[in-house]
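Below is one structure, written out as structure tokens, with a few remarks after it.
The values are calculated or read from the model by the stated rules, or taken from the named source; none is laboratory data. Just so it is clear, the structure is predicted and the values come from calculations on it, not from any experiment. Glycine gets a Cβ as well: all are built from the backbone with ideal geometry, and neighbour counts include every protein chain shown.
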Amino acid sequence: MAVFSRCSRAATAARTPNAAASAAAFSYLIRPLSHSFSSSSSCSSSTFDPEIDIGRNKSAGLGTLKREPKGRNVQWVFLGCPGVGKGTYASRLSNLVGVPHIATGDLVRDELASSGPLSSQLKEIVNQGKLVSDEIIIDLLSKRLEKGEAKGEMGFILDGFPRTVRQAEILEGVTDIDLVINLKLREEALLAKCLGRRICSECGGNYNLASIDIKAENGRPGMHMGSLPPPPECASKLITRPDDTEEVVKNRLRIYQSTTRPVEDFYRIRGKLLEFDLPGGIPESWSKLLRALNLEDHGNKHTAAA
Ligand code: ADP
């Protein structure tokens with residue numbers, strides 16, 4: 001019962017025009033965390049201190065990051081256009097630093113698949129590439145956080161939230177986000193990456209059939225991004241997301257420019273934005289991203305080749 005009343009308070013508040021009211025309700029669901037930083041075995045995170053290590057990253061232009069008590073779990077956000085690879089890098093980092101990767105797109109797709117009361121309403125919105133309402137997305141995220149809290153989860157890497165300035169204000173009102181990683185990829189590659197995306201209908205693995213070669217031109221360097229082929233056991237079970245058609249992806253890219261781009265400024269002026277230009281595919285980009293975050297991945301030889 002408590003879960004339902006807390007969620008509905010957040011959802012009701014998100015409907016109100018007052019961001020402060022929304023934040024107050026949402027704070028039941030996202031709380032600042034002050035526990036020890038936890039890590040997976042593949043990470044050298046026993047030496048990781050967000051305050052020291054990320055603050056040291058002068059080249060990233062982070063300025064003075066607002067920091068929470070030394071040693072608590074990370075609360076990071078991934079921003080970036082559709083197709084940039086937020087899910088790929090957020091999921092790898094979540095394994096590395098030992099916090100859950102929470103993708104609001106996945107929460108929406110789970111809801112769609114559940115044929116619950118919201119399902120048909122969401123289907124039309126998502127399949128047109130539009131954003132679902134702040135109220136619905138906060139409700140879904142709140143429920144996910146509550147489940148995690150019950151399991152003892154601490155910290156998070158959010159992927160796909162916030163996507164509007166209003167969502168960012170609400171989040172900022174309830175907890176301290178340490179770092180926002182803004183993934184950037186040359187525009188020519190984004191559409192191809194979305195159209196090449198495939199998911200294994202059985203194991204849920206994410207793959208990409210697009211292999212991108214952009215020639216050097218007018219002083220701009222060329223770029224190669226290899227495909228991410230499925231293993232043989234998934235090859236015959238691949239499906240495409242219904243919103244990964246050319247028309248819908250173009251619409252999602254337009255909506256990103258008009259509605260989500262201002263979220264970058266929201267975090268930039270707060271000194272939390274780490275701009276990260278992807279230099280190519282996973283093998284080059286993963287190690288560069290780790291360097292930017294001052295992290296090490298001892299399993300890198302294995303994972304970066306995936
Ligand atoms: P993308 O690959 O475009 O980043 P996602 O998988 O993150 O897509 O999201 C899929 C869809 O889910 C979005 O197009 C949108 O309809 C909905 N969605 C996800 N997150 C949000 C959010 N924070 N606010 C509103 N709608 C969202």
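You will find that of 275, 233, 296, the residue that is in contact (Cβ under 8 Å) with a residue 60 or more places away in the chain, touching a strand residue (DSSP E or B) at 6+ places or on another chain (Cβ under 9 Å) and more than 22 Å from residue 103 (Cβ to Cβ) is 296 and no other.
Within segment 114-139, the residues that satisfy the criterion of being within 9 Å of the ligand (Cβ to nearest atom) and part of a helix (DSSP H, G or I) are 122, 125, 126, 127, 134, 136, 137, 138. Scanning segment 99-113 for residues that are away from the ligand (no atom under 11 Å from the Cβ) and modelled with pLDDT of 95 or more, we see that the one that is nearest to the chain's Cα centre (by Cα) is 101.
Under the condition of being over 16 Å from residue 226 (Cβ atoms), at pLDDT 95 or above and of a type in the set (D, E, K, R), which residue from segment 179-213 is surrounded by the fewest Cβ atoms within 10 Å (Cβ to Cβ)? If we take residues in segment 179-213 being over 16 Å from residue 226 (Cβ atoms), at pLDDT 95 or above and of a type in the set (D, E, K, R), then 202 is surrounded by the fewest Cβ atoms within 10 Å (Cβ to Cβ). Of the residues making up segment 150-164, those that are out of contact with any strand residue (DSSP E or B) (no Cβ under 8 Å at 6 or more places or on another chain), within 16 Å of the ligand (Cβ to nearest atom) and either among the hydroxyl-bearing types (Ser, Thr, Tyr) or closer than 16 Å to residue 74 by Cβ (or both) number 1. If the condition is being surrounded by fewer than 21 Cβ atoms within 10 Å (Cβ to Cβ) and either modelled with pLDDT of 95 or more or at negative phi (or both), then segment 287-300 contributes 287, 288, 290, 291, 292, 295, 296, 298, 299, 300. Each residue in segment 88-110 was checked for being in a helix (DSSP H, G or I), under 22 Å from residue 207 (Cα atoms) and not hydroxyl-bearing (Ser, Thr, Tyr), and 11 of them qualify.
To keep it simple, each residue is scored yes or no on (1) modelled with pLDDT of 95 or more; (2) within 11 Å of residue 182 (Cα to Cα).
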{"position": "259", "(1), (2)": "yes, no"}
{"position": "262", "(1), (2)": "yes, no"}
{"position": "268", "(1), (2)": "yes, yes"}
{"position": "273", "(1), (2)": "yes, yes"}
{"position": "281", "(1), (2)": "no, no"}
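Among the residues of segment 283-303, those identified as closer than 20 Å to residue 159 by Cβ and out of contact with any helix residue (DSSP H, G or I) (no Cβ under 7 Å at 6 or more places or on another chain) are 285, 288, 290. Here residue 176 meets each of (1) at pLDDT 95 or above; (2) closer than 26 Å to residue 274 by Cα; (3) in a loop (DSSP other than H, G, I, E, B) with one exception, condition (1). In segment 191-301, counting only helices (runs of 4 or more DSSP H) that sit wholly within it, the ones holding 2 or more residues that are within 16 Å of the ligand (Cβ to nearest atom) span 246-255, 261-268. Would you check if there is a residue in segment 155-169 being of a type in the set (Lys, Arg), in a helix (DSSP H, G or I) and surrounded by 14 or more Cβ atoms within 10 Å (Cβ to Cβ)? Within segment 155-169 (the criterion being of a type in the set (Lys, Arg), in a helix (DSSP H, G or I) and surrounded by 14 or more Cβ atoms within 10 Å (Cβ to Cβ)), the answer is yes, since at least one residue qualifies.
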